[in-house]
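Enquirer: Can you keep this structure in mind? I'll have questions shortly.
Values in this text are rule-based calculations from the coordinates and carry no lab data. Source: prediction; values computed, not measured. Note that each Cβ is placed from the backbone with ideal geometry, even for glycine, and that neighbours are counted across all protein chains shown.
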Number of protein chains: 2
Amino acid sequence: MSEQVPVKPPLDFWFDFISPFGYFASLRIDELAARHGRAVDWHPLLVGVTVLKVMGMKPLPQTPLKGAYLSRQIERYLRRHDLTLARDPAGTPMNPLPAGRLFAWLRVHRPVHARAFAQAVFHAYWAEGRALDELPPLRGAMQAAGLPAVLADEVLIGPDATQILRAEVDAAVARGAFGSPFVIADGEPFFGVDNLELLEEWLARGGW
Amino acid sequence: MSEQVPVKPPLDFWFDFISPFGYFASLRIDELAARHGRAVDWHPLLVGVTVLKVMGMKPLPQTPLKGAYLSRQIERYLRRHDLTLARDPAGTPMNPLPAGRLFAWLRVHRPVHARAFAQAVFHAYWAEGRALDELPPLRGAMQAAGLPAVLADEVLIGPDATQILRAEVDAAVARGAFGSPFVIADGEPFFGVDNLELLEEWLARGGW
């Protein structure tokens, strides 16, 4: 007799490429989920839309007290996880739209390759200090994801990717996601890389 | 031969009585610190000053998306720690100034009793649903802290407590504290009840 093991639903994971905390989460989320038999559905999010427009807040790095605290949090996280960054997280972020649009388009049209593209973009931007808004590193991320480099050029020239990204961000807001990283597991929302341990406890216990 | 064990410096812990997360932290912080040989210095903070004036933010419960998330966080915390609240944390908070002023005054003039007063105020407001801005519960908190009930009336009639609280909040801001709860351990800042586990790891490892 074989037992039917119900497949547990995947986690939804949102991030913005310009967010160092989104990058940190991207390095852990798949392994964390897999320890509890879960897959992860990666989604693009734009904090410029959610935080600035929908929530009506200032950019957090420019918010008095909070900006300094974020710097401390990032330094502490880097030491704890033995990571380094090739760019100053307190610096002006690059335009995340081209990378976000490509990732959003790949999720729909090349879903098998989308996550590897996102990982390559995160790595290029945060670990190698490359640009987020220029074609060469985006072409390189395409190649790293097993796709033709020229796909970056082709997708960005059309309107589809823009529309898909916009719809994804709208859908994120409709589900209550606003920050980077943001995870929803079985309807329960977890914001911030500092909540990944709590998320893991949630998965291990099956909620509470 | 006796070994000289250096006394470790106390943690600084800030909270606002109107903050449910401040209340949650108040229930754990002393025990958490004691596990690592640390005392805790409790400080008053006013999020109406730090968050609204210094940081220029809206009240978080009224911030789109964040308000709903905070409600989920609170419910999740209550279930995880088997707690209940006697008041709706999404409701309009009461004026925290009288209680804050009394606590600030006690820290200076009756330091042995100040923490017990704060704990009694937190309990009355969050666990019993009593008022924060009326004399009877504040007199009750004085008595619970081993002080004459009438001290509440006497302190609030003068200007000292107002000035002490203002100076305490200014000092908090100068040290980078802005939210409730906020802990500084050996110069390292920890914001939010969700960071208490990280704080404990910090204390256990002696930083990293």
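Enquirer: If the elastic network links every pair of Cα atoms under 10 Å, which of B:ALA68, B:ALA118, B:ALA104 fluctuates the most in the Gaussian network model of chain B?
Expert: Of the options given, B:ALA68 has the highest mean-square fluctuation.
Enquirer: For the modelled label position 7 Å from the Cα of A:GLU154 along Cα-to-Cβ, which residues of the range A:100-124 have backbone nitrogen atoms closer than 19 Å?
Expert: What the label zone holds, given the 19 Å backbone N cut-off, is A:100-118.
Enquirer: Step through the residues of the range B:156-168 one at a time and calculate ³J(HN,Hα) from phi using the Karplus curve (6.51 cos²θ - 1.76 cosθ + 1.60, θ = phi - 60°), rounding each to whole Hz and writing x for Gly and Pro.
Expert: For the range B:156-168, the Karplus-derived couplings read 6, 6, x, x, 4, 4, 4, 5, 5, 4, 4, 5, 5 Hz, x marking Gly and Pro.
Enquirer: Return the FRET efficiency for the residue pair A:ASP88, A:GLU31: r is the Cβ-Cβ distance, R0 is 45 Å, and the value is rounded to the nearest 0.05.
Expert: The formula returns an efficiency of 0.95 here.
Enquirer: Considering amide H positions built from the backbone, and no H for Pro or chain starts, which residues 5 or more places from A:ASP41, or on another chain, come under 5 Å of its amide H?
Expert: HN-HN under 5 Å from A:ASP41: A:LEU11, A:ASP12, A:PHE13.
Enquirer: Using the Cβ atoms and a cut-off under 15 Å, what net charge is assigned to the surroundings of B:MET94, where Lys and Arg are +1 and Asp and Glu are -1?
Expert: -2
Enquirer: With Cβ to Cβ distances under 11 Å as the rule, what net charge do the other residues near B:ALA120 carry (K, R +1; D, E -1)?
Expert: Around B:ALA120, the surrounding residues sum to +2.
Enquirer: Build a GNM of chain A with springs between Cα atoms under 10 Å: which of A:PRO96, A:PRO20, A:PRO61 gets the top mean-square fluctuation?
Expert: Residue with maximal mean-square fluctuation among A:PRO96, A:PRO20, A:PRO61: A:PRO61.
Enquirer: Here is a further query. Does the range A:23-98 come out rounded, prolate or oblate, given a ≥ b ≥ c as the square roots of the eigenvalues of its C-alpha gyration tensor, rounded meaning a/c under 1.5 and, failing that, prolate meaning a/b above b/c?
Expert: Cα axes put the range A:23-98 in the oblate bin.
Enquirer: Still on this structure, I have one more. Could you check what % of the DSSP bridge pairs in the range A:11-205 are antiparallel, to the nearest 5?
Expert: 60 percent
Enquirer: Follow-up. Net charge within 12 Å of A:PRO189 by Cβ-Cβ distance, Lys/Arg positive one each and Asp/Glu negative one each, not counting A:PRO189 itself?
Expert: 0
Enquirer: To continue, here is another question. Rounded to the nearest 500 deg cm²/dmol, what is the calculated helix-only ellipticity per residue at 222 nm for chain B, with -39500 (n - 2.57) per DSSP H run of length n ≥ 4?
Expert: When only DSSP H runs of four or more count, the value is -13500 deg cm²/dmol.
Enquirer: Relative contact order (percent) for chain B, with alpha-carbon contacts under 8 angstrom and 6 or more residues of separation?
Expert: For chain B, the relative contact order is 28 percent.
Enquirer: Quick one: grab the alpha carbon gyration tensor of the range B:66-208, order the square roots of its eigenvalues as a ≥ b ≥ c, and give me rounded if a/c is under 1.5, else prolate or oblate depending on whether a/b is larger than b/c.
Expert: oblate
Enquirer: Looking at chain B as a GNM with Cα springs under 10 Å, which of B:ALA86, B:ALA144, B:ALA33 has the largest mean-square fluctuation?
Expert: Highest fluctuation of the listed residues: B:ALA86.
Enquirer: Tell me which GluC sites (Glu not before Pro) from the range B:1-85 have a DSSP coil assignment and no more than 16 other beta carbons within 10 Å of their own.
Expert: B:GLU3
Enquirer: For the range A:82-89, what does the Karplus curve 6.51 cos²θ - 1.76 cosθ + 1.60, with θ = phi - 60°, yield as ³J(HN,Hα) per residue in whole Hz, taken in order and with x for Gly and Pro?
Expert: So the Karplus estimates, Gly and Pro as x, are 6, 10, 10, 10, 8, 9, 6, x Hz.
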